[in-house]
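The values are calculated or read from the model by the stated rules, or taken from the named source; none is laboratory data. Keep in mind it's a predicted model, so treat the numbers as computed, not measured. Quick reminder, even Gly has a Cβ in these numbers, built from the backbone with ideal geometry, and neighbours come from all protein chains shown.
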Amino acid sequence: MAITLPNHDEHLLIGGAWTEATGGERFDVTDPASGGRVGSVPNGTREDVTAAIDAAAAALPGWRSSSALSRARILRKAADIMRERAGEIAETMTAEQGKALPEAKGEVEYAASFFEWFAGEAERIYGEIAPPMNTDNRVLVLRQPVGVVAAITPWNFPAAMMTRKLGPAMAAGCTSVVKPASATPLTAALVLRCIEDAGAPAGVVNLVTSRDAGMVADTIFNDPRVRKISFTGSTEIGKDLIRASAEQVKRLSLELGGHAPYIIFDDADLEPAVDGLIASKYRNAGQTCVCANRAFVQRGIYADFLALLKQKVEAMTVGHGLAEGTQIGPLINDAAVDKADEHVQDAVAKGATLVTGGVRLTDGEYANGSFYAPTIIDGVTREMDIFYEETFGPVAGLTVFDTEDEAIDYANDSIYGLASYFHTRDYARLMRVAERLEYGIVGANAGIISAANAPFGGMKQSGYGREGGSVGIDEYLDVKYVLLGAVGTV
Ligand code: NAP
């Protein structure tokens, strides 16, 4: 089937105006499945980042003093507009990111749900009246917007990683500057158009696309008007941002890498466990921060589990994300394919068995894209890179275990602490294991765990701060204590 790619040129959004970069440069956005051109965006400069901060700072007084109800209405309307435009946004997302179109449509819905959820939270930013120590006084606790925030987002969920920052920021009364990943800036622009068309005043959200992420970060971190940065991306860059934040003591939220364990106990229901691992592992071709990267399967169920997993994985359709029936699209680029292949080759060289896949797909329809076959490797041990490193590709590594303690020990043996999963029908074990896993998110008998109404975030080197849930808005609020003296005792 011939694929028609979108042809979409976008702009910076600064103070309500869609503009070119001051330097006049643009860069192309390409389709990782075919190498074809999808569109282009301006290559923003330091002047553009500063102009975006100027616009956000100028819009702040009006926005933070607007009523919670009016902010909530704009967020709800933005969600509605995103849904009306879901087809266009999803097609553009698939074209620039690669994920299969049904997944892209699912992401648009997921992304819109953050606007809706935080519209509700905007209306419930309550303060407190605390009992005073001195009865002549009164103690008030206010929760106020932190001010101008910057959001730096990754390419793997180009819409949702942005809306789960902008939703709470807007709800809290903050104004924002967004720097999307340079691989997926078009989706970001389409989402910001929804916010603008929903009636957000000029400057409440601003967009700077740029190939020079270091320059953008440097400008943001050195501008005292930016009070908070929310970053989703790799742990390596996250650590750089922690160092950069020290100079002006910037508030940070960091959603970083993951390396999820997926445990299947003997008493699990076989088919839901296999389907759960497949959903967790192969979604977005294995490029999610909550992807299972290590599967630990108890000895009694191991053979059946592996056989069913192999059968289902081999039946998956790999292709262009816009092609009918595609389940797994390309990886984001050739470097990502190299990394997945290195993990497989390293494991096999150290004694693992290749069950299926383990090859780059380079012929025919795959010739110009970054494709890797859905892969299973069996017999993974601690000596192998895949045991400790995030693969970010469609590679499932399996390890057999005997006891619950052994499974927990394997699972917690990681510098990361984002998502974890396990399957069991034993309710006592379910509670025990959930408590013992050192991860911010635990899926018990579930392979898909992300939702706007739940707090999402990691422990250890997966970062700090939470997005979503009732706590997500706290990241964008300052707590202020006001002592009212000499009120009198009643
Ligand atoms: P990345 O390379 O760290 O990039 C993330 C963002 O940071 C992009 O916008 C990137 O811009 C920008 N960036 C690059 N260099 C920078 C610098 N020196 N200073 C400031 N920003 C910089 O990560 P990625 O490859 O896009 O995303 C994959 C990683 O994100 C994985 O580790 C994954 O686990 C993690 N992730 C975590 C979560 C979570 O919620 N915990 C969710 C999704 C992804 P350019 O694109 O222009 O380079």
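Can you confirm whether Tyr427 is more than 25 Å from Gly257 (Cα to Cα), of a type in the set (Phe, Trp, Tyr) and without any contact (Cβ under 8 Å) to a residue 60 or more places away in the chain? So that I can check it myself, show each step before the final result.
Working: more than 25 Å from Gly257 (Cα to Cα): yes; of a type in the set (Phe, Trp, Tyr): yes; without any contact (Cβ under 8 Å) to a residue 60 or more places away in the chain: yes.
Yes.
Ala340 meets the conditions (1) surrounded by fewer than 19 Cβ atoms within 10 Å (Cβ to Cβ); (2) within 16 Å of the ligand (Cβ to nearest atom); (3) among the small types (Gly, Ala, Ser) in every case but one. The failed one is (1). Would you check if Val177 is within 16 Å of the ligand (Cβ to nearest atom), within 29 Å of Pro61 (Cα to Cα), in contact (Cβ under 8 Å) with a residue 40 or more places away in the chain and surrounded by 24 or more Cβ atoms within 10 Å (Cβ to Cβ)? The answer is yes for Val177. The strands (runs of 3 or more DSSP E) located wholly in region 97-206 that include 2 or more residues which are within 27 Å of Gly36 (Cα to Cα) occupy 175-179.
Among the residues of region 115-141, those that are of a type outside the set (S, T, N, Q) and touching a strand residue (DSSP E or B) at 6+ places or on another chain (Cβ under 8 Å) comprise Ile125, Tyr126, Gly127, Glu128, Ile129, Ala130, Pro131, Pro132, Arg138, Val139, Leu140, Val141.
Does region 397-410 contain any residue that is outside the structural domain of Val146 (by TED's automatic domain parsing) and within 16 Å of the ligand (Cβ to nearest atom)? No - not one qualifying residue is present in region 397-410. Picking from residues in region 221-238 that are closer than 10 Å to Lys250 by Cα and among the aliphatic types (A, V, I, L, M), the one that is nearest to the ligand (Cβ to nearest atom) is Ile229.
Out of all the residues in region 208-217, is one or more assigned by TED's automatic domain parsing to the domain that holds Ser40, more than 16 Å from the ligand (Cβ to nearest atom), surrounded by 24 or more Cβ atoms within 10 Å (Cβ to Cβ) and within 19 Å of Ala17 (Cα to Cα)?
no
Whenever a residue of region 310-324 is free of Cβ contacts under 8 Å to residues at least 40 places away in the same chain, its partners that are surrounded by 15 or more Cβ atoms within 10 Å (Cβ to Cβ), lying with C-beta atoms within less than 8 angstrom and at least six residues away or across chains, give the pairs Lys312/Val274; Lys312/Asp275; Lys312/Ile278; Thr317/Thr326; Thr317/Gln327; Thr317/Ile328.
Per the conditions (1) surrounded by fewer than 17 Cβ atoms within 10 Å (Cβ to Cβ); (2) farther than 22 Å from Asp269 by Cβ; (3) of a type outside the set (D, E, K, R), the sole criterion not satisfied by Ala434 is (2).
Just one residue in the set Leu256, Leu277 is within 14 Å of the ligand (Cβ to nearest atom) and touching a residue at least 60 places away in the same chain (Cβ under 8 Å); that residue is Leu256.
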